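Peer 1: To start, I am sharing the structure in question, which I have written as C-alpha cells.
The values are calculated or read from the model by the stated rules, or taken from the named source; none is laboratory data. None of the values given here were measured: they were computed from a predicted structure. Positions of Cβ are backbone-derived with ideal geometry, glycine not excepted, and every protein chain shown enters the neighbour counts.
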Amino acid sequence: MKSAYDTSRFSDHYHRCRRGKRKESASSWNHAKRAGTSATAFSAYFTRSGDAAGEPAPSCPSAKPLPCPGIGATNAANIITYLRRTSSRGGGAPSIHVLARELYPKKLFWRKLNRLEKKAVRDAQLHRQRWRNEHEEGRVFSTSCSKITTVLGEDNQRRACHACNDLLKMHAFCTALRKPQPLKENLKYTNKVFHSRILGGQYASVLGLSELIQEDAQGSPFLRFSVGALNGKFDNKKVFLGLVQAMVERVERDERGVGTQNFSYAPAFDEFVSILATHSPRALKFFHEHFQARTESSIRSERSKKPKMPPTICEDTFNRVKERLDTIEYTGPVALACDDTKLLSGLRLYWDSSQGAHYLVGGTNGPVLVPDPSMVPELMQDDAIPKGTKVRVWTLQVPLPKMVPIVVAAVAIGNNCTAQQLLPPLLEIVYGLLDHNIDIVSYTCDGAATEQDLQRRFVDKADRVEVITIPSPTPNHPNIDITIAFFKGHPIAILQDSKHLAKTFRNNLFSGARLLVFGNHTAHFFHLMKVVSHSASPLYQRDVFKTDRQDDNAALRTLSAALLDFLVTHQPNDLGVIVYLFMCGEIHDAFQNRAIGHEERVKMVLRTYYFFQMWAVFLKSSPIYSIASNIISYGALDIVHTLVTGFISLTIIHRDYISMTFPLLPWLHSSEPCEHVFGMSRQVIEDFTMADFLHMIPKLDVKLRQAALRSTQDTDAAARARASGYNHTYLNTHDLDLAKLSSFPSVERIREIAADAAAESDSIVSLLGIMPEDLRPGEASPVVRLPGVAAMLGGKQMCAGDEEGSSDESDAETDSDSDEGYGEKAELLDLLARAEDPEFRRQLHSREERVRAETLTHAAIALETDELIQLRASAELNEEEELESTAEDMRHLEAVERALEHIADVNVDTGATANYGVDQVVEWSLEVLVFERLRHQTREAEASVRTRTTGVSNKTSVVKESESQRRLIIKAFYEELRLSQDQGVTSGLGRQARWKENNQVDLYAPGARGSDAPALSNGNSANATKAATEVTRQALAKRRKLFSLKDVPALALLGEGRVSGVAAGAELSIGQFGFVYTALGVMLGEVIAMYSKTGGKSGKHAAVTQTSSLGAVSYISVQLFAPRTPRVFSKMPSCFTPYHCKGFQHLLPEEFLVKLISVPEEKELAKEVAISEWSLFKQLDAGHAKLTLAMAEFRKRSAKD
C-alpha cells in the first residue's frame, strides 16, 4: 500500500493478473467439454499445504491432462487390506437404518419395510456412496472424481485428483481403512448382501469348480470331506489321508497314461500297508485289488533300504559313532554312560540291512538268525531262547553345551544279570571306541549295587592304574586315594549319577528301615511331615506324601536353600535334618551348578566326604548304634565315595591329560542322557520290545534335538512340576561360565583345599553337639574309610534291623519303569492268550458272548497295530535336516571355541591356577549354611520350590489322566472273563459259590498287580484290611508264644504291651513313653517315629502317627533314657556314647516291651516315672537275660520268614 486506505496497488494487481487466469481457465473448461467431462472443481485452482495427504510435494504440472488413477497402496498402505476385507462396491453412504427413517418416516425401522421398500433403500444407499471400490485394480475412486489430473510426481507417475485425495481426510473412509482383517473362521457370518454370488460363480466356472458351489452339492459328503480336510479336521487320520492321496494320484496317472513307477506314499499309509503285509500277505493282496498300495516285493525292497541300529555290538556300532563325530569334525574327549530299563519281553522279527537277513531279537543271547521264514513260529516258541526283560543302553556325550547324546549300542538282558555277565559287553564297547580314536574320559552309571560292582571289575581290567593320594589333614580323617584307570593309554574317570544320588538321599531320609543318628540329633520322615503342614512350606504335599521315588523336582526341593532356610527359621532345633540336607545338597550342586569354579567344587565334595566319614566314626564308637541302620545305605555311601574320587580324577584328567584348553562340565558326565533316551522312547511306545527300541533309535535324534532347543527357553515351569518323575536338565546352559569351568587346580592345590574342607567339616560336626577332636581315633584304633562296608561292620554280627537295612529296602534307587509293575501291554498280551485258550472258548455259550470276545481281541490287535504305525511313521531326519543338524552342532562347537580363545591357559604350570573366590576356613553357623546353599544351589532348585504365589492351598497340580485305551480294553476283558466264569450248568447258590471260589483263586490275579485292577465283589480294600488284620494277629501270637517260651517277666503285660484297641489311651502314639529292650539293658524310650510295612515282597515302611497294636508296626524309633537313680532315667548317660550325647534306637516292634500308663515327669536332663512303673521296670530289668534269649529267637524266626 502506498498509504493508509490506498488500494490502488491491489487494483492494478487484480486487473493485470486476472486477465491471464481467465484465458487459462477458459482453455481448461473448453478442453474438459471436448473430452466429455465437467469443468474442473473450484478448489483445484488453489494450492494448499494440506491438500492430498498422499500427494507429495513437490510436483510438476503435466503437459496435458491425464486420467485420474484414484488412490491405492502408494497413498495408503492399508487400502489393499481394506479391499481384501470387504466385497462392497463402495462406501461412505448413510446406513440402511438412517435411510429407512428418511424415506419412510412412518415406519421408522428397517425391519418393518417390505421387500420393494428395502430395495429402494438399497438403491438410495448406492447413489449416496462417497467412494467406489475397484477390487481388481486395488484402487478407490471418489464418486466426485474429476476424472482427470494434471499433476505428476517426482517419479513421473500420475497423482490422484483432489476429490480422490480428499478421501484420505474423510473420517468415514479412514475408519473403514483401520478396521482389521476378520478371522478366517468368522467369514462365514458375512451378510448375504455382500456375497457377490454372480462374480464368485463366474470365477469358480473359470477354475472348473462350479459344481462345488451349486446348491445341490452343498450336502455332498465329498464336498464336506474336502472342506474338512482343508480345515485340518482329518489331520490325525493320517492313514486315511494317505489312502485318499494315493487313490487321487493313481487316477491322475491313469488319465495321463503313466504307470506306478516311483509312486510316492504318505508315511503313515505306507507303514499301515507294511504292517498289514507282516500280519497277513493274503489280506494285503485283497487290499491291493481295491486300493493303490505297495506290493509285497516293493515292501521288502523299502525295508532293505532303511538304515537301522545294529541288533548287536559289532564293527558297524563303532563306525556309526565315528562317522557321527567326523561329520561335525570333533576329536575331543567324550563321556560314556550306561543304564537299563524295563523291556516288554518277547521275540520279534528284525531285518538287518547290513547282513541282508532277518533275525529274531529280544533274547539275552543276542539275535537269532532266521534262515527260513517258515521257522519263525517254531523259533518264537522255543523255550531254549531266553527272553530279555531289560534293555541295556550305552550313550556317548560330547561334554560341551547344547550337544545331544549319541546312542552307541543296545542289548537285551535278563533281570538278574551279574556284574561278571555285564563286564564283557562294556569292555567290548570301550575298546571298540578307543580303537576308532574316540577319546573316552569318563564312564558313568547309576548307583545300583550291580553297577557299582561292575565299575570295580572294570577298573580291575585296566591296563594300568594311577593312584594319587590326598593325605589326611587331621588324625580323624583318612587318606583319600584317587584312582585313574588307563585303557590303551587313555585315562578314564569312574563316576556315578549325581541326580540319582540326590533322590537316594531323599529316599534314605524317608525310609522307615533306618533312623539317621548323629550326635544329639536325628533325621527322619516326621521332620519333613511337620514342614509340609506349615502354610509357608517350600515343599508340596506330594513331595512328602504318596511320593514318587524317581521325582527329580521333589529331590531338588528337598535339598534346596529354601527348605534349609525354612527349617532354620521355623524348626531350628531339628539340627540333624538341617545338617543332613545341607551336606547332601552340596555334593549334588558340585556337579549340577553351571557357574561355580572347580576349586570350590572340589572343596564341596571333600567337605561332604569328610562329614560322612566322621559320621561313620561316631556310630562305630557307640555300643547302641549300627552303621546298617543309623546312617545312609551302603549303596548311598558307595555313590558318595565314587562321586568324590571320580570328580577329582576327572579334574586331574582335564588338567594334565588333555592337551588343549577344554572346559569340564561335570553335569554332562552322568547317566542322565540314557534316562532321557528311555523317556523319549516311552513317549512313542510306553511298553516297547527290543525290536521296537531298535526301530526307534534313528527317530529319537529328532526328539533329542527338540529337547535341546527347548532347553534354551525358560525351564522354571518344568522345575515346579509335582510328581512328574524325571526332569532332564543336562542340556540347560543358563548361567554357564566357561572361564571358570576351564580352570583346574593342581594336585598340590587339591591337597590344600582338602585341609580347608576337613576343618569346615569339623566345624559343622560341632553343630550337632560333638567335639571333632573326640572323634579322632587313638593310635591303636583303625580309621574307618568310606565306603568300606566290611570295615564299617568290623566283623560284628548285624542286629535285627541290620538285615533289612543292608538290603537297602525302600531307599535303594530303582527305575520308575523297572520290573516292579505289571505293564498294561504285557497284561493285555496275557489276556489275549487266555482269550484264545480253548477252555475259555468252551465257556462262551451264546453267540453274543463269542462276538464280544472277538471284538475285544480285534480291538487289542488294532491298538497294537496303531502303536506300530505311530512308531514307524514318526519323524526321522531327512538328508537336508541331517545336514542342518550337523551345521547346528558345528555352530555350537565353534561358539565354545570362540569363547575359549580369550581365556588364558592357567593350567600350564602345576602351581598356577585361577582362584575364583574359594573361601578360607569358615566358622559355620546355621545362617552360614543357608548362605552357602543360596550360593551353590542350581537355577532349577531355586525355581522348583513352592511359594505363596504358586499355590497356598498345598493342593497338588497333578491332574489324573484319563484311562488309556489299553486299560479300558483290559477292564472289558476282565468283565468278559468274569461273565464267562459266571456262566455254568448250575444255578442259584451253587453258581454264586463257584464264582466266588474262582474269583478268589485265579480270575483277577493279573489285574491285582496294578492299581486299576477291577474291583472284587467284596472289595480289594476289604481284602487288604482283612489281610492286614491277619498279619497283626499272627505277629501278636508269635510275640506271646516266644515270650512265654522264654519265661520273660510280666508276660501278661508284654503280650500286647498295653497297646490294644482304638479306645482313648489304648493306642500307642508319637510322644508317648514305654520300656524298651536294648543290648545294654532295659531302658525308658520316648517314641519319635513309627512305621508300618505295606504288603508284598517289596513293601515299604510307611510312616504312622499311632497304632492300635504293636503287631501292626514294623519299626519304632525312640529316644533312650538310661536308669540313673530310682525312678529317674538320664537323657545323656555315658553308656550311650563316649561323647555324652543323647541316645536313640530304631526298634523292632518286639523290642518295645510295654507302654507306660502315666507320663514321666520332666527333670533336669532326665525323666522320672511313677512308682508303679518303676516296679515294672525292675521286673523287666531283672529278666534282661531272658529277654535277650527271646530277642535272639525273634531274629531267627524273622530270618526264616
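Peer 1: Within segment 549-572, is there a residue that is more than 28 Å from the chain's Cα centre (by Cα) and surrounded by 23 or more Cβ atoms within 10 Å (Cβ to Cβ)?
Peer 2: yes
Peer 1: Can LEU167 be described as in contact with a helix residue (DSSP H, G or I) (Cβ under 6 Å, 6 or more places away or on another chain) and in the same structural domain as LEU99 (by TED's automatic domain parsing)?
Peer 2: When the stated conditions are applied, LEU167 passes them.
Peer 1: Where in segment 1106-1147 are there strands (runs of 3 or more DSSP E), lying fully within it, with 3 or more residues that are over 41 Å from the mean Cα position of the chain (by Cα)?
Peer 2: Per the criteria, 1115-1125, 1128-1130.
Peer 1: Give segment 617-638 a look and list any residue that's more than 23 Å from ASP497 (Cβ to Cβ) and assigned to a helix (DSSP H, G or I), or say none.
Peer 2: Those that are more than 23 Å from ASP497 (Cβ to Cβ) and assigned to a helix (DSSP H, G or I): VAL617, PHE618, LEU619, LYS620.
Peer 1: Which of the helices (runs of 4 or more DSSP H) contained wholly in segment 473-546 include at least 3 residues that are surrounded by fewer than 20 Cβ atoms within 10 Å (Cβ to Cβ), free of Cβ contacts under 8 Å to residues at least 12 places away in the same chain and aliphatic (A, V, I, L, M)?
Peer 2: Ranges flagged: none.
Peer 1: I've got another one for you. Out of the residues in segment 67-106 meeting the condition of being of a type in the set (Gly, Ala, Ser) and loosely packed, with under 13 Cβ neighbours inside 10 Å, tell me which one is nearest to the chain's Cα centre (by Cα).
Peer 2: Among those that are of a type in the set (Gly, Ala, Ser) and loosely packed, with under 13 Cβ neighbours inside 10 Å, it is ALA77.
Peer 1: Go through the residues of segment 362-374 one by one and say whether even a single one is in a loop (DSSP other than H, G, I, E, B), of a type in the set (S, T, N, Q) and either in contact with a His (Cβ under 9 Å, 6 or more places away or on another chain) or in contact (Cβ under 8 Å) with a residue 40 or more places away in the chain (or both).
Peer 2: yes
Peer 1: Could you tell me whether any residue of segment 678-690 is assigned by TED's automatic domain parsing to the domain that holds LEU619 and aliphatic (A, V, I, L, M)?
Peer 2: no
Peer 1: Then there is this: Within segment 1152-1201, restricting attention to residues that are assigned to a strand (DSSP E or B) and touching a strand residue (DSSP E or B) at 6+ places or on another chain (Cβ under 6 Å), which residue is nearest to LEU1045 (Cα to Cα)?
Peer 2: Among those that are assigned to a strand (DSSP E or B) and touching a strand residue (DSSP E or B) at 6+ places or on another chain (Cβ under 6 Å), it is LEU1153.
Peer 1: Another question, if that's okay. Taking segment 327-376, which residues are of a type in the set (Val, Ile, Thr) and either within 25 Å of LEU434 (Cα to Cα) or not assigned by TED's automatic domain parsing to the domain that holds GLY414 (or both)?
Peer 2: Within segment 327-376, THR327, ILE328, THR331, VAL334 qualify.
Peer 1: Just for segment 176-190: of the residues that are outside any helix (DSSP H, G or I) and among the polar types (S, T, N, Q), which one is farthest from ALA77 (Cα to Cα)?
Peer 2: Top of the filtered list is THR190.
Peer 1: Which one of ARG159, ARG139 is under 60 Å from the mean Cα position of the chain (by Cα) and surrounded by 15 or more Cβ atoms within 10 Å (Cβ to Cβ)?
Peer 2: ARG139
Peer 1: Okay, moving on. Mind checking which pairs have a first residue in segment 247-272 that is within 15 Å of PHE287 (Cβ to Cβ) and a second that is among the basic types (Lys, Arg), Cβ under 6 Å, 6 or more apart or different chains?
Peer 2: Every condition considered, the pairs that remain are GLU271/ARG872.
Peer 1: From VAL407, VAL376, which residue is closer than 30 Å to VAL441 by Cα, out of contact with any Cys (no Cβ under 6 Å at 6 or more places or on another chain) and of a type outside the set (Lys, Arg)?
Peer 2: VAL407
Peer 1: Just a yes or no: is a residue in segment 498-505 basic (Lys, Arg) and out of contact with any Ser or Thr (no Cβ under 8 Å at 6 or more places or on another chain)?
Peer 2: yes
Peer 1: Could you check how many residues of segment 426-452 are acidic (Asp, Glu), assigned to a strand (DSSP E or B) and either without any contact (Cβ under 8 Å) to a residue 12 or more places away in the chain or farther than 18 Å from ILE653 by Cα (or both)?
Peer 2: Summing the residues that are acidic (Asp, Glu), assigned to a strand (DSSP E or B) and either without any contact (Cβ under 8 Å) to a residue 12 or more places away in the chain or farther than 18 Å from ILE653 by Cα (or both) in segment 426-452 gives 0.
Peer 1: List, please: which pairs have Cβ atoms under 6 Å, are six or more places apart or on different chains, and start with a residue in segment 622-643 that is assigned by TED's automatic domain parsing to the domain that holds ARG607 and farther than 18 Å from LEU1120 by Cα and end with one that is crowded, with 24+ Cβ neighbours inside 10 Å and at pLDDT below 90?
Peer 2: Listed by first residue and then by second, the contacts come to ALA628/GLY805; SER633/ASP808; SER633/ASP811; GLY635/GLY447; GLY635/ASP808; ILE639/GLY447.
Peer 1: Only helices (runs of 4 or more DSSP H) wholly contained in segment 215-288 count here; list those with 3 or more residues that are modelled with pLDDT of 80 or more and not assigned by TED's automatic domain parsing to the domain that holds SER374.
Peer 2: 238-256
Residue-by-condition table, conditions (1) crowded, with 17+ Cβ neighbours inside 10 Å; (2) at pLDDT 65 or above; (3) not assigned by TED's automatic domain parsing to the domain that holds GLN706:
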| residue | (1), (2), (3) |
| --- | --- |
| ALA717 | no, yes, yes |
| TYR730 | yes, yes, yes |
| ASP735 | no, yes, yes |
| ARG751 | no, yes, yes |
| LEU767 | yes, yes, yes |
| SER781 | no, no, yes |
| ALA790 | no, no, yes |
| LEU793 | yes, no, yes |
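Peer 1: Restricting attention to segment 1065-1077, does a residue exist that is part of a loop (DSSP other than H, G, I, E, B) and out of contact with any strand residue (DSSP E or B) (no Cβ under 8 Å at 6 or more places or on another chain)?
Peer 2: Scanning segment 1065-1077, I find at least one residue that is part of a loop (DSSP other than H, G, I, E, B) and out of contact with any strand residue (DSSP E or B) (no Cβ under 8 Å at 6 or more places or on another chain), so the answer is yes.
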